[in-house]
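**Student:** Quick one: this structure, given as structure tokens, is what I'll be asking you about.
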Amino acid sequence: MIKAEKGIKAAFKAIRRQLLTSMIEDPRPLSQALDMLWIATAIERVGNHARNIAENVIYAVTGVDLGHSPAKRVNGS
């Protein structure tokens with residue numbers, strides 16, 4: 001789960017970039033683009049919440065606080 005959060009964040013940034021480019025090229029479907037942006041933001045927030053839950057479970061089971069650990073330590077690299 002913790003590793004997957006990076007992918008969620010990258011997907012959100014890619015969607016946001018595509019939507020902004022699309023809105024600049026043709027602002028007429030602005031409402032739909034903004035709806036998509038809100039959906040992408042909500043999905044990213046779900047990923048953040050899931051990561052927080054995973055970190056809390058790891059802390060409860062092992063006593064290791066991953067909330068402030070570098071990604072390399074979290075991923076085992």
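**Student:** Report the local net charge at Ala40: Lys and Arg +1, Asp and Glu -1, summed over other residues whose C-beta lies under 14 Å from its C-beta.
**Tutor:** +3
**Student:** Remind me, relative contact order of the stretch 4-72 in percent, using alpha carbon pairs under 8 angstrom and six or more residues apart?
**Tutor:** 30 percent
**Student:** Using only the alpha carbons of the stretch 4-72, determine the length spanned along each of the three principal axes and report them from longest to shortest in whole angstroms.
**Tutor:** 53, 21, 14
**Student:** Using the crude model of +1 on Lys and Arg Cβ and -1 on Asp and Glu Cβ, and no other charge, please compute the dipole size for the stretch 4-72 relative to its Cα centre, in debye to 20.
**Tutor:** 160 debye
**Student:** Still on this structure, please answer the following. How charged is the neighbourhood of Ile58? Take every other residue with its Cβ under 11 Å from the Cβ of Ile58, and add Lys/Arg as +1 and Asp/Glu as -1.
**Tutor:** Working: positive: Arg51; negative: Glu55, Asp65.
Around Ile58, the surrounding residues sum to -1.
**Student:** All other residues with a Cβ under 14 Å from the Cβ of Ala14 taken together, and with Lys, Arg as +1 and Asp, Glu as -1, what is their net charge?
**Tutor:** My count for the surroundings of Ala14 gives +4.
Since every read-out is calculated from the coordinates, none of them should be taken as a lab result. Computed from a prediction, not measured in an experiment: that's the story for all the values here. Glycine also receives a Cβ, built like all others from the backbone with ideal geometry; neighbour counts cover every protein chain displayed.
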